[in-house]
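Okay, so here's the structure we're looking at.
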Amino acid sequence: MFTETDVLVIGGGPSGATTATLVAQKGFQVQLLEREHFPRYHIGESLIPETFWVLERLGMLPKMRNSRFVNKHSVQFVSEHGKLSEPFYFNIHKPHESSQTWQVYRQQFDQMMLDNARDTGVVVQEGMRVTEILFEGQRIVGARAMDESGAKHEFRAKVVVDAAGQSCLIQDRLGLREWDPVLKKAAVWTYWKGAYRDAGRDEGATIVMQTQGKKGWFWYIPLQDDVISVGVVAPCDYLFTSRASKDFETIYADEVAKCPGVQPRIANAERVAPYRAAKEYSYRSKQVAGDGWVLVGDAFGFLDPLYSSGVLLALKSGAYAADAIVAGLQKNDTSAAQLEHGAPILWREWTV
Ligand SMILES: Cc1cc2nc3c(=O)[nH]c(=O)nc-3n(C[C@H](O)[C@H](O)[C@H](O)COP(=O)(O)OP(=O)(O)OC[C@H]3O[C@@H](n4cnc5c(N)ncnc54)[C@H](O)[C@@H]3O)c2cc1C
C-alpha cells in the first residue's frame with residue numbers, strides 16, 4: 001500500500017507521540033508507525049518537574065491528574081553507609097504547580113500519550129515495523145514498513161521523524177552514532193510488592209542509594225498498587241564483564257548485599273516481575289536533523305538514567321522538532337537548517 005502524508009513519525013513512545021500530537025494540533029497530516037501493540041513494557045518511570053510544560057501543551061495535564069500515578073514531590077539520597085539525606089522538595093526551589101510530578105507505569109503513560117495523539121487526529125498504526133528509510137539523493141523522503149501479515153507498505157512524507165528510541169534507524173543508516181567512551185553503564189532491575197514506602201508527601205519520592213565503594217547506585221521508585229521499581233546502575237565492565245556469573249538475579253543480589261540503603265527496604269517484599277537488564281546505552285548522534293528528517297528522544301541520544309531526564313528530553317525534543325516542522329511546512333522549507341531549529345541547544349544543555 002502507498003500513503004502520502006505531511007509528516008511520518010517512526011515510533012510511538014513519548015518522543016514520537018509528542019511530535020505527532022503537536023504537529024497535528026496545527027492541522028497537518030501525520031502518520032505514526034509503531035512496531036509493537038500498546039500497552040507495551042518500557043523502563044523509565046520517574047518523571048521530573050520540567051515535563052509539566054510539554055504535558056500542558058499536549059493537553060495531558062487533566063489526564064495525568066485523573067490517573068492513579070503516584071505524585072512525586074522530591075528526591076532523596078542514601079550514602080554508601082546508609083545515611084539518609086533530607087528530602088529535596090522541588091517546590092521549595094520553585095513554588096509552582098509544576099513542582100509536583102509523577103512516577104508512571106510507562107505502559108500506561110505511553111498508551112495515554114498515544115491515545116492523546118489519536119484524539120488530536122494523528123493516524124496511528126500499531127504492529128507496523130519500519131524496515132527501510134527512503135532517500136532521494138541526500139534527502140529522506142519516506143520509509144517502507146511491514147505489517148504483521150508480512151505485507152509491505154510505502155510511506156512518502158515531507159518530513160520523516162525518527163522517534164524509534166534505541167533502534168536509531170536514521171542515525172545508524174547514516175553512520176552518525178557516537179558511543180560515549182566514558183559512561184559505558186549498565187543496569188539490572190526488577191519490581192517489588194510490599195517494600196518499604198514513606199507516607200504522605202514523601203510517598204512518591206525517588207530515592208537514589210549508593211553502593212559500598214561508590215561503584216554504583218540503586219534507583220527506588222514507588223509506583224501505584226504498592227509496587228516499587230528498584231534497579232542498580234554501574235559501569236558495564238564492573239556489573240557484567242568482570243563477573244563469573246552473568247545471571248541477572250545473582251548480579252542483582254550481589255549489589256543489594258552491598259547497598260545498606262536498599263537491603264532493609266526490600267527485606268520483607270515479594271518480587272513481582274522478572275529481572276531485566278540494559279547495557280551500554282550511552283550514545284548520541286553527530287547530527288540532529290538533515291534535509292527532510294529530524295531525530296527526537298532516544299533516537300538522538302541517551303546518556304545516563306541518574307537524573308531521570310530521558311522522558312523530559314523525549315518530550316522537549318519532540319516539542320522543538322514539532323515547532324520547527326510546523327514553521328517549515330508553513331513556509332515550504334524542510335531543509336536541515338530549518339528542522340534542527342533550537343534542538344542543538346537543547347541537546348547541548350542536557351547531555352554534556
Ligand atoms: C535503565 C534505564 C532507566 C531509565 N530510567 C528513566 C527514568 O526514571 N526517567 C526517565 O525520564 N527516563 C528514564 N530512562 C530513559 C527513558 O527510558 C527513555 O529516554 C525514553 O523512553 C525515550 O523515549 P522515546 O520516545 O525516545 O523512545 P521509546 O520510549 O523507546 O519509544 C520508541 C518506540 O519506537 C518503537 N520502534 C522501534 N523501532 C521501530 C521500528 N523499526 N518501526 C516502528 N516502531 C519502532 C518502539 O517499539 C518504541 O515504542 C531510563 C533508561 C534506562 C536505560
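Quick note: the coordinates plus some simple rules give every number you see, no bench work behind them. The shown structure was predicted, so the numbers you read here are calculated from the model rather than taken from an experiment. For neighbour counting, all protein chains shown are included, and Cβ atoms are generated from backbone atoms with ideal geometry for every residue, glycine included.
Under conditions of 25 °C and 0.890 mPa s, the stretch 185-279 yields 183 µm² s⁻¹ as its translational diffusion coefficient, taking Rh as the Kirkwood radius over Cα pairs in the Stokes-Einstein equation. Charge dipole of the stretch 1-145 (Cα centre as origin; +1 on each Lys and Arg Cβ, -1 on each Asp and Glu Cβ, all else neutral): 200 debye, rounded to the nearest 20. Dividing the mean sequence gap of close Cα pairs (under 8 Å, 6+ apart) by how many residues the stretch 1-98 holds gives a relative contact order of 20 percent. Taking the fewest neighbouring Cβ atoms within 10 Å as the starting point, the ordered list for Val182, Val124, Val296 is Val182, Val124, Val296. Set the Cα radius of gyration of the stretch 226-270 against 2.2 N^0.38 Å, with N its number of residues, and you get 1.23.
Look at the alpha carbon pairs under 8 Å that are at least 6 residues apart: their mean separation over the length of the chain gives a relative contact order of 23 percent.
The mean of 1/r over all pairs of different alpha-carbon atoms in the stretch 1-102, once inverted, gives a Kirkwood hydrodynamic radius of 16.5 Å. The charge dipole of the chain, taken about its Cα centre with unit charges on the Cβ atoms of Lys, Arg (+1), Asp and Glu (-1) only, comes to about 400 debye. Placing pseudo-labels 7 Å out from each Cα toward the beta carbon at Ala336 and Lys286 gives an inter-label distance of 1.0 nm. The Cβ shell under 12 Å around Lys185 holds other residues with a net charge of -1, Lys and Arg each +1, Asp and Glu each -1. Output the DSSP H helices from the chain with an along-axis C-alpha extent of no less than 27 Å and a mean Kyte-Doolittle hydropathy no less than 1.0. Both cut-offs are met by 310-330. Springs between Cα atoms under 10 Å define the GNM used for the chain, and in it the highest mean-square fluctuation of Leu183, Leu47, Leu315 occurs at Leu183. Of all DSSP beta bridges confined to the chain, the antiparallel ones make up roughly 70%. Stokes-Einstein, applied to the Kirkwood radius of the stretch 289-352 over Cα pairs at a viscosity of 1.567 mPa s and 4 °C, places its translational diffusion at 109 µm² s⁻¹. Across the options Thr19, Val123, Phe69, the greatest Cα extent toward the positive end of the charge dipole of the stretch 1-132 (unit charges at beta carbon of Lys, Arg, Asp, Glu) belongs to Phe69. Going from the fewest other Cβ atoms within 10 Å to the most, the residues Asp291, Asp225, Asp162 appear in the order Asp225, Asp291, Asp162.
With viscosity set to 1.567 mPa s and temperature to 4 °C, compute the Stokes-Einstein D of the stretch 102-221, Rh being the Kirkwood radius across alpha carbon pairs; µm²/s, no decimals. This corresponds to a translational diffusion coefficient of 68 µm²/s. Return the loop-located trypsin sites (Lys or Arg not before Pro) in the stretch 57-100 (DSSP other than H, G, I, E, B) with at most 14 other Cβ atoms within 10 Å of their own Cβ; answer none if there are none. Taking the stretch 57-100 and a limit of 14 other Cβ atoms within 10 Å, the loop trypsin sites (Lys or Arg not before Pro) found are Arg68, Lys83. Here is the P(r) of the stretch 76-147: all C-alpha pair distances, binned every 5 Å from 0, give 3, 11, 9, 10, 13, 13, 9, 7, 9, 10, 5, 1 in whole percents. Considering only Ser149, Ser98, Ser308, the mean-square fluctuation computed in a Gaussian network model of the chain, springs between alpha carbons under 10 angstrom, is largest for Ser149.
Explain nothing, just the number: relative contact order of the stretch 185-279, from Cα pairs under 8 Å at least 6 residues apart, as a whole percent. Worked out over the stretch 185-279, it gives 44 percent. When the Cα atoms of the chain are aligned to their principal axes, the ranges along those axes come out at 59, 46, 40 Å in descending order.
Residues Leu313, Leu329, Leu306, Leu61 in ascending order of nearby Cβ atoms (within 10 Å, fewest first): Leu306, Leu61, Leu329, Leu313.
Sparsely packed loop sites in the stretch 289-352 (the trypsin sites (Lys or Arg not before Pro) outside DSSP H, G, I, E and B with at most 16 other Cβ atoms within 10 Å) comprise Lys331.
Using the Cα coordinates of the stretch 250-301, the gyration tensor eigenvalues translate into equivalent-ellipsoid semi-axes of 39, 12, 10 Å, sorted from longest to shortest.
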